[in-house]
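Trainee: Here it is: the structure, laid out below.
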Amino acid sequence: MISRRKTRQVMVGNVPIGGDAPVVVQSMTSGYTHDIDNCVREINKLAAAGADIVRVAVPERKDTEALKEIMKQVHVPIVADVHFHFQRALEAIEAGVSKIRLNPGNINDRQQVERVIDACKERHLPIRVGVNEGSIVERKDKQKRMRELGGVFSDNRHGHILAIMITKLEEYLDIFYERNFYDIVISAKSIDPILVMDAYREISKRFDHPLHLGVTHAGPKETGTIRSVVPLGTLLAGGIGDTIRISYANDPIYEVQDGLELLYVLGLRQRKGAELIACPTCGRIQVDLFTLVQHVNRKLKEEITLPIKVAVMGCVVNGPGECEGADVAIFAGDKRGIIYVQGEKVANVPEENILDALLEECKKFQAKVLRGEAKLGEKVVDILPPDPIGELGSGYAKISAAKAESDRALQILNQ
Ligand code: SF4
């Protein structure tokens, strides 16, 4: 169990971030905010996929003007992402958004930033403060502080950048603190995953505000997943991070799906819907497992709401061990599959019927759990490989032959 760093808590609409709240998943719309119908469609799609909060960009007046109508048609808190124009922040606040994302470094006039802070304070809205290259206030002792921090970080490969980030953050936060404003979430994103980890670790030691984790411009999903999940997963496993946004150059729905999955596998959120385990297949496979897994995945998403653990295994050699803890499991053999539900064999079906039969068993099991007649994870699939009763056809023959060969090899070695 991960022990999380204690932070202050802020409320974004009805969603708490920080404190003892679960880690929150965010995403951002990719279309124009002033295109109201499309924006509403995007927000609702992201919310249906599990986004707790959705951010929208408001670069122009027509975008903030659209916010009131958008918010009537959605049910998740909306964050306005403001760059350069403090007026956009004031208009978004007036329209009723739940949080402002502001980079003080992008607004040249300190008084303008203060006006945004005061407007948020009046309405109890939090502000996310991002650290980047800009700066609005030159601290009198900035160079001195940089030298101090440079010494602290001298062994770090990113020492100089870290010193700048911390110095800038201190500058920014001073503006908020001077106005008695503490409903702050901090982000310190970078494209470099190592810098992301170092920056958030250092910030977490110095400030008790909740942290918004992310890697900027992570790229296409194919490579962006690793670039994002490695630093975010490492930080979260170390108890750092209160809200996350994975960002891909792709449909933002993937950001939500991957963000949630990351939290599920780390045990930081209670899974919604089934958990699917599947083997990668090998030379023992005798069904089209990849296609089957795709179909099972889609059907489970559509029809199963409880976190039932479902395993799809290519054979019974490693299958039982690898799907340990599964509530419902299928072991494939020679164009067939045997289905087990919590340790009990319930069907032996030809390949073409596996999908329907498996789904039927999942639905029956879900109904039993909902009626209180069964418990998730109570009994595990427990059968002995390899296929002791030969029900899986020639898969068993292959496995037996392989086993006999390895036994012979062992005998020779032992002679
Ligand atoms: S479960 Fe069987 S088919 Fe799948 S990878 Fe393991 S040994 Fe190979």
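Rule-based calculations on the coordinates, nothing more; no lab input. Here the structure is a predicted model, which means the values were calculated and not measured. Please note: Cβ atoms are built from the backbone with ideal geometry, for glycine as well, and neighbour counts cover all protein chains shown.
Trainee: If the chain were replaced by its equivalent ellipsoid, with semi-axes equal to the square roots of 5 times the Cα gyration tensor eigenvalues, what would those be, largest first, whole Å? Present the calculation step by step, with values, prior to reporting the outcome.
Mentor: Numbers: eigenvalues 503, 134, 58 Å².
Ellipsoid semi-axes (Å, largest first): 50, 26, 17.
Trainee: Please list, or write none, the aspartates and glutamates whose alpha carbon is within less than 12 Å of the alpha carbon of LYS99, excluding same-chain residues fewer than 8 places away.
Mentor: Partners within reach: ASP81, ASP183.
Trainee: If you don't mind, there's one more thing I want to ask. Along the charge dipole of the chain, which of LEU213, CYS362, VAL54 sits closest to the positive end, that is, farthest toward it, with unit charges on the beta carbon of Lys, Arg, Asp and Glu (+1, +1, -1, -1)?
Mentor: LEU213
Trainee: Would any residue of the stretch 179-196 have its amide N under 16 Å from a label point 7 Å out along Cα→Cβ of ARG110? List them or say none.
Mentor: Of the residues in the stretch 179-196, 179-181 have backbone N under 16 Å from the label point off ARG110.
Trainee: Run through the DSSP bridge list for the stretch 9-265 and note the antiparallel percent, rounded to the nearest 5.
Mentor: On the way: 4 of 27 bridges.
Restricted to the stretch 9-265, the bridges split so that about 15 percent are antiparallel.
Trainee: Okay, next question. How many angstrom lie between the C-alpha centres of the stretch 247-301 and the stretch 18-71?
Mentor: Distance between centres, Cα-based: 25 Å.
Trainee: Could you compute the net charge surrounding THR291? Neighbours are other residues with a C-beta less than 13 Å from the C-beta of THR291; K and R count +1, D and E count -1.
Mentor: Details: positive: ARG298, LYS299; negative: ASP288, GLU351, GLU352.
Result for the neighbourhood of THR291: -1.
Trainee: Shifting gears a bit: Using alpha carbons only, how many degrees (0 to 90, rounded to 10) separate the axis of helix 221-237 from the longest principal axis of the chain?
Mentor: The helix 221-237 is inclined about 80 degrees to the chain.
Trainee: Relative to the compact-globule scaling 2.2 N^0.38 Å, provide the ratio for the alpha-carbon radius of gyration of the stretch 157-249.
Mentor: On the way: Rg = 13.5 Å, N = 93, 2.2 N^0.38 = 12.3 Å.
So the stretch 157-249 has a normalised radius of gyration of 1.10.
Trainee: Over its Cα atoms, what ratio of radius of gyration to 2.2 N^0.38 Å does the stretch 206-360 give? Could the numbers behind the result be given before it?
Mentor: Numbers: Rg = 18.2 Å, N = 155, 2.2 N^0.38 = 15.0 Å.
In units of the globular-protein estimate, the stretch 206-360 measures up at 1.22.
Trainee: Here's something else I'd like to know. How high is the FRET efficiency between THR216 and ARG298 when r is their beta carbon distance and R₀ equals 45 Å, given to the nearest 0.05?
Mentor: 0.90
Trainee: Ok, one more. As a quick test, which of the pairs LYS62/LYS189; LYS68/LYS121; LYS299/LYS335 have an alpha carbon distance above 24 angstrom in this structure? Walk me through the numbers on the way to the answer.
Mentor: On the way: LYS62/LYS189 28 Å; LYS68/LYS121 20 Å; LYS299/LYS335 21 Å.
Table pairs above 24 Å Cα-Cα are LYS62/LYS189.
Trainee: Could you give the distance between the Cα centres of the stretch 214-228 and the stretch 94-131, to the whole Å?
Mentor: With the stretch 214-228 and the stretch 94-131 each reduced to a Cα centre, they are spaced 28 Å.
Trainee: Near LYS144, which lysines are there with a Cα under 22 Å away, not counting those fewer than 8 places off in the same chain?
Mentor: Filter leaves LYS168, LYS205.
Trainee: Can you compute the label reach from LYS205? Point 7 Å from Cα along the Cβ direction, backbone N cut-off under 13 Å, restricted to the stretch 160-188.
Mentor: Answer for the stretch 160-188: 162-163, 166.
Trainee: What number in nm² do you get for the stretch 1-89 if you take the convex hull of its Cα atoms and divide its surface by four?
Mentor: On the way: hull surface 27.1 nm².
So the mean shadow area of the Cα hull is 6.8 nm².
Trainee: To the nearest 0.05, what FRET efficiency results for GLU148 and GLU373 with a Förster distance of 60 Å applied to their C-beta separation? All intermediate terms of the calculation are to be shown ahead of the outcome.
Mentor: Numbers: r = 64 Å, r/R0 = 1.07.
E between GLU148 and GLU373, to the nearest 0.05, is 0.40.
Trainee: On to the next question. With a point put 7 Å past each Cα toward its Cβ, work out how far GLU60 is from ALA409 in nm, to one decimal.
Mentor: 6.8
Trainee: Now for a separate question. Rounded to the nearest 20 debye, what is the charge dipole size of the stretch 254-327 about its Cα centre when +1 sits on each Lys and Arg Cβ and -1 on each Asp and Glu Cβ? Numbers along the way, then the final one.
Mentor: Numbers: 8 positive and 10 negative charges, 18 e Å.
Taking the Cα centre of the stretch 254-327 as origin, the dipole is about 80 debye.
Trainee: Under 8 Å for C-alpha pairs, at least 6 residues apart: give me the relative contact order for the chain, rounded to a whole percent.
Mentor: Working: 770 pairs, mean separation 50.8, N = 415.
Once normalised by length, the contact order is 12 percent.
Trainee: How far is it, in nm, from the label point at THR291 to the one at ARG179 when both lie 7 Å from their Cα along the line to the Cβ?
Mentor: Each label point is offset 7 Å from its Cα along the Cβ direction, giving 6.1 nm.
Trainee: In addition: Please determine, in degrees from 0 to 90 and to the nearest 10, the orientation of helix 61-72 with respect to the longest principal axis defined by the Cα atoms of the chain, where the helix direction is its Cα long axis.
Mentor: In the chain, helix 61-72 runs at an angle near 50 degrees to the longest axis.
Trainee: How far is helix 142-152 tilted off the main Cα axis of the chain, in degrees rounded to 10, range 0 to 90?
Mentor: Once rounded, the angle reads 30 degrees.
Trainee: Next up: Placing +1 on the Cβ of each Lys and Arg and -1 on the Cβ of each Asp and Glu in the chain, which of ASN106, LEU268, SER154 has its Cα farthest towards the positive end of the resulting dipole?
Mentor: Comparing the listed Cα positions along the dipole, SER154 ranks first.
Trainee: Taking the alpha-carbon distance from LYS375 and a cut-off under 18 Å, which lysines remain once sequence neighbours fewer than 8 residues away in the same chain are dropped?
Mentor: Hits, sequence-local ones excluded: LYS272, LYS309, LYS345, LYS363, LYS364.
Trainee: If you don't mind, another one. Residue separation times 0.36 nm, minus the C-alpha to C-alpha distance between ASP37 and PHE84: what's the value? Before the final figure, lay out the partial values.
Mentor: Numbers: separation 47, 0.36 × 47 = 16.92 nm, distance 2.60 nm.
Contour length minus the Cα-Cα distance gives 14.3 nm.
Trainee: Considering the dipole of the chain built from charges on the beta carbon (Lys and Arg +1, Asp and Glu -1) around the Cα centre, which of THR291, ALA347, SER27 is farthest to its positive end?
Mentor: SER27
Trainee: Place a +1 charge on the Cβ of each Lys and Arg in the chain and a -1 charge on the Cβ of each Asp and Glu, then give the dipole magnitude about the Cα centre in debye, rounded to the nearest 20. Present the calculation step by step, with values, prior to reporting the outcome.
Mentor: Working: 55 positive and 57 negative charges, 175 e Å.
In debye, rounded to 20, the chain gives about 840.
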